[in-house]
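A short reminder: the numbers here are calculations on the coordinates, not readings from a lab. Since we're looking at a predicted model, the values are computed, not measured. Heads up, the Cβs are rebuilt from the backbone with ideal geometry, glycines too, and the neighbour counts pull from every protein chain shown.
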Amino acid sequence: MTQSPPITNAATTTAEPGASLWHDAWLRLRKNRLAIFGGAALIVISLFCLIGPACSPYTYEQQDFSQYAKAPSTQHWFGTDKLGRDQMTRIMHGGRISLGVGICATLVSLTIGVLYGALAGFIGGKTDATLMRIVDILYALPFTVFVILLMVVFGRNIVLLFAAIGAVEWLTMARIVRGQILTLKKQEFIEAAIALGLRKRRIILRHLIPNALGPIIVYTTLTIPAVMLLEAFLSFLGLGVQPPMSSWGTMIKDGAELMEEFPWLLVIPAAFFSLTLFSLNFLGDGLRDALDVRTSKD
Amino acid sequence: MKPLSLLLILTTLALVSGCGKREMRADAAIREQILLFGSKSEPQDLDPHVVQGVGEHNIISALMEGLVAEDPKTLNPVPGLAERWEISPDGKVYTFHIRANARWSNGDPVTADDFVKSYRRILTPSLGSLYSYMLHPMKNAKAFNEGKITDPAQLGVKSIDARTLELTLECPTSYLLHAMASHYTWWAVHMATVEKHGDPYKPGNKWTRPGSYVGNGPFVLTAWVPNSVISVRRNSNYWDAAAVRLNGVDFLPIESVDSEERSFRAGQLHRTEEVPNGKIDAYRKDNPQLLRIDDYLGNYYYRLNMTNSALKDKRVRLALNQALDRQAIVDTVTRGGQKPAFSFTPPETAGYTSRAQLKFDIEGAKKLLADAGHPDGKGLPPIEIHYNTSENHRAIAEAIQQMWKKNLGVDATLRNEEWKVYLDTQSGGTYMTSRAGWIADYPDPNAFLETFLSYSGNNRTGWNNPEFDRLIQAASCENDVNKRHELFQQAEALLLDELPLIPIYFYTRVYLLHPAVKNWHANYQDHHPFKHVYLEVPAK
Amino acid sequence: MFRFIAARLMQTVPVLFVVATLTFFMVRLVPGGPFDAERNVPPEIKRELEAYYGLDKPVFHQYLDYLGRLLHGDLGPSYKYANRSVNEMIAATFPVSLQLGGMALGLALIFGVTAGIIASLRPNSALDYTASSISMMGICLPTFVLGPLFILVFALNLRWVNASGWFDAADRILPAATLGIAYAASIARLTRGGMLEILNQDFIRTARAKGASSTRIILRHTLRGGLLPVVSYLGPAAAGILTGSFVIETIFQIPGLGRHFVTSAFNRDFTMVTGIVIFYAVLIVFFNLLVDIVQIWLNPKLKF
């Protein structure tokens, strides 16, 4: 079984290969209708969350006890919650938090996980063993206790939220990337690059990681929902969104147990959550295909 | 829309196919006379001298009985293991006569000496009993419990003969019989069994396992699978075994209130511990025969930190209190028939109702706040509301936050913490206002008011009033009921005038009960002695 | 290979040591102790309890005591459940989680890998979109939504199974399905992605162009490389899934290790938390070792 180098010109190109790579990718992405739909949907949802509250006649905290858990109506398009608050406004505010956390915390875990995994996989040997045993240790540590401790030391703030989420979510990413790199490293084009004496940093960033992008993107799209839901758990511990504000995660969590009585309290936040995830996924798949040089030959 | 449409499709399928032939566990259990009892949490232990919880009470009360028992309707003391008793005129000496046929589940007779040894055991400091202070009305019990005296013979308990026990108290204690009937700390353990399974005066004794457990109540322990089920079955050696109608009780520790409610609906329980707040209305409307709402001897309140500079001013505290629409909170937020609390002690607690009453008066509140130099809340720092994470506490805090904002112009922030962190913050006094709940151990104003003694570990507000302390101490040694109540009236008036707390509502117990459960009576402590309860197939 | 495994087992010792040490100190630094309660515990009594459990000694002294007992395999007594030991509670709860997790993992692998392969065979076809959308739904419906939904339908409406508990064989179905679906969805996504990577490589295209039937290609060439990301993911996932899910075990009232662990952390049951974490670390190390072995087997170019 012989494998030809996936990115054949990678080892020899010198003049800004990145620019053309991204440009080509964009051209290919544009042709993928689902990906464009995903991207557009994301933009619409983001605008809805960012601009929406300014257009809403209600605020997220304004209570009206006479409007206890009312189903969607012309007055409250998404209904009201158990304190008589307008759910649409709460969804908008919640979306800011969930999207913000989802994207930022995922970026944190993505950066750490990919670099760490790539480094461990590329260097190998004792360094790899040490780095991966550290990952094992971090996996094992009790997360609840860890978060409470973080809050004691640093107080509750938004940076800590990302730190806490980043601290757990990058571990699996690191393992996946390492697994991919270990395989890629043995392929001829990388061995050639090493033989050519290219700098390690360059090999990792320019050749190894781009070739592992597929699993990275797939796992990233899995990380985003995990992060959004983890935020709901963290707010249980007192970190994360503080009432009367809520996030999609906390709304879904609260709504889950009310699905019989007040289904709109689950269905609507869950619909936004799902729509966002589907869009992200379409976009992710499109990106993956677009960035995969091999598909361009079709 | 996925969950809903999926649900609809599947529900339709279910209706069309007309399933539901499987017999429910609850129905089979009615025939077997086994009560299926949702008991919330895994018990810490089943040793009455070690535990500290309501869930534990339910299980232990099936396995043990006190000298005095409870009337199932009124909870008034009725003869238990003791067939009768005498009280000396000064109210300080109680003499109990134990039944000739009172036996342990292994057949041994129950003797006065069992109680002497048991009381010595629970008061021995090294046992580390969390609830041993319940016995402190007994002469020298506190000193012995705190290690100040070491000779157990000095304790106010002795056996006159095998079947006669004499208790001597520090002060006349009018609620003593109630406490002895309802509180497991006053019940005896079979010392020979305890000694067989480890050091009886240290924690961690393993005598409470099925097969080892020796009790003197209507049932014996037959199974204990952690986090899953605890089974008790009929005790043929119980003195009143003929009167017991249930064959047993299965206690199912279901932590999640939602899971518990679903289990009830799936026919796996006869009684739940709670009802999810969002489902109360639906039950009230569609299945009122299943929903039980009983008054409960407890107060849901906010502690105010008296050392906080903003709250030091009494007018600010009064204003925060008067701006709360408690009726709206219980009607809209809690929805479980709770009663707005305008005093700390619930009305009609052992015949006592506080004369002093707080009020809801927004205009008055605004004026108080302006007098304190904060018109419309100006210059007042945001009031932080501290609570342990729970949907109900959060909703109440959110409502109160809005009321303060709307009615007073005062800003409030919310701070939730996980349970043990919350307790740590509260006892460390690093909060501004903090949610609290107090459930009385026995029906008496003292059970509420003593928590605000300056030296009480349950105070946690930094409030310290020597006059209040004096009144409560005087009341605790007063034998005349009217005089005693008068002392409590003065103390409570003082407490509500100074206001180191904001009472919000008096608790109710909201739970589901299968219609087959009979002889189950609403009462203010939610005690339902199992020897009286039975199951009967409801008439169709 | 033997040397590789032996070396890895040697590495386990420092890992466990570090995990035990960090956890031991972490649980003690967190606010709140095992004997704090809403009803105040008199200080005299608290002192006695702390003395009994050795919590009155300097922390470092406690730590040495703990390590000493750990060497003998004794994880200590529970502080919360007065008459139980940590070893006993793990022995009582782990088999339950193992059984549940094993079933869920089996389901997740069968359905996840199958769906992933189907989707990758005809990328961007209707079949791909169907398979991908179903697996996306599994991701969008978190277990705390799916669990109650299943109970509503199958326990409360259809009355086929119980709503909670772990008594009959039928009690295993819903929780295993709920847990399995959550993981199946992720596995399907990872399989599809991994397979596409390989399918797009030139040697597969060449083979296809030469007219090799697609089934043979998949089986012979692509599965090995395509499953790599799934295998990497599975190491920690398997350890997590087999030690129990707090959410699932709470919703379905299952007496497993996952729920017990989280409850213990909330109870500040120091020994219980530390003990379970050490136990969990052993499993993590074991599964990651297993994964590394499988990875090497999948990729003959790697050497032990």
**Filter on B:139/C:80; B:40/B:139; A:253/B:378; B:40/C:80; B:285/B:405 - keep pairs with C-alpha separation over 26 Å** = B:139/C:80; B:40/B:139; A:253/B:378; B:285/B:405
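Would you compute, from DSSP H runs of 4+ residues alone, the mean residue ellipticity of chain B at 222 nm, taking -39500 (n - 2.57) per run and dividing by the full residue count, rounded to the nearest 500?
Details: 16 runs with 161 residues, N = 540.
Estimated from H runs of four or more residues: -9000 deg cm²/dmol.
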**Prompt:** Could you give the radius of gyration (one decimal) and Dmax (whole number) of the Cα atoms in the stretch B:293-510, in Å?
**Reply:** 16.7, 50
**Complete:** Long-range amide H partners of residue A:239, meaning residues 5 or more apart or on another chain whose placed amide H is closer than 5 Å, are none
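What number results when the radius of gyration of the stretch A:62-203, computed over Cα atoms, is divided by 2.2 N^0.38 Å? Display every interim value, and only then the final one.
Working: Rg = 23.0 Å, N = 142, 2.2 N^0.38 = 14.5 Å.
Compactness ratio reported: 1.59.
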**Item:** Calculated over chain B: convex hull of Cα atoms, volume per residue (Å³)
**Value:** 165 Å³
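Given a Förster radius of 25 Å and the C-beta distance between residue B:100 and residue B:192 as r, what FRET efficiency does 1/(1 + (r/R0)^6) yield to the nearest 0.05? Numbers along the way, then the final one.
Numbers: r = 20 Å, r/R0 = 0.81.
Result of the calculation: an efficiency of 0.80.
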**Request:** List the residues whose amide H sits under 5 Å from the amide H of residue B:385, counting only those 5 or more places along or on another chain, with H placed 1.01 Å from N in the peptide plane.
**Result:** B:413, B:414, B:415
**Ratio Rg/Rh, restricted to chain A and using Cα atoms, in which Rh is the Kirkwood radius** = 1.05
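Let me know the whole percent of all Cα-Cα pairs from the stretch C:93-256 that are separated by more than 21 Å. Provide the component values of the computation, followed by the final result.
On the way: 6759 of 13366 pairs.
In whole percent, the long-distance tail amounts to 51.
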**Prompt:** Quick one: Cα centre-to-centre distance for the stretch C:83-145 and the stretch A:206-258, in angstrom?
**Reply:** 18 Å
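Mean separation of Cα pairs under 8 Å and 6+ residues apart, divided by the residue count of chain B: what relative contact order is that in percent? Walk me through the intermediate numbers first.
On the way: 1096 pairs, mean separation 101.9, N = 540.
Contact order relative to length: 19 percent.
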**Check: the stretch A:180-271 dipole with +1 on Lys, Arg Cβ and -1 on Asp, Glu Cβ, in debye** = 1060 debye
**Using θ = phi - 60° and Karplus 6.51 cos²θ - 1.76 cosθ + 1.60, couplings along the stretch B:168-175 (whole Hz; Gly, Pro as x)** = 10, 9, 5, 9, x, 10, 5, 8
**Request:** With just the Cα atoms of the protein assembly as shown, tell me how far they stretch along each of the three principal axes, in Å, largest first.
**Result:** 108, 69, 65
**Message:** Below 15 angstrom from the Cβ of residue B:373, what's the summed charge of the other residues (Lys, Arg +1; Asp, Glu -1)?
**Reply:** +4
**Message:** Tell me the net charge near residue A:129. Cut-off is 14 Å between Cβ atoms, residue A:129 excluded, with +1 for each Lys or Arg and -1 for each Asp or Glu.
**Reply:** +3
**Prompt:** Can you give the direction-averaged projected area of the convex hull of the alpha-carbon atoms in chain C, in nm²?
**Reply:** 20.4 nm²
**Item:** Nearby lysines by direct alpha-carbon distance to residue B:142 (threshold 19 angstrom, same-chain neighbours under 8 apart not counted)
**Value:** B:92, B:117, B:158, B:202, C:46
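Given an 8 Å cut-off on Cα distances and at least 6 residues of separation, report the relative contact order of chain C as a percent. It would help to have the intermediate numbers written out before the result.
Values: 361 pairs, mean separation 82.7, N = 304.
Rounded, it is 27 percent for chain C.
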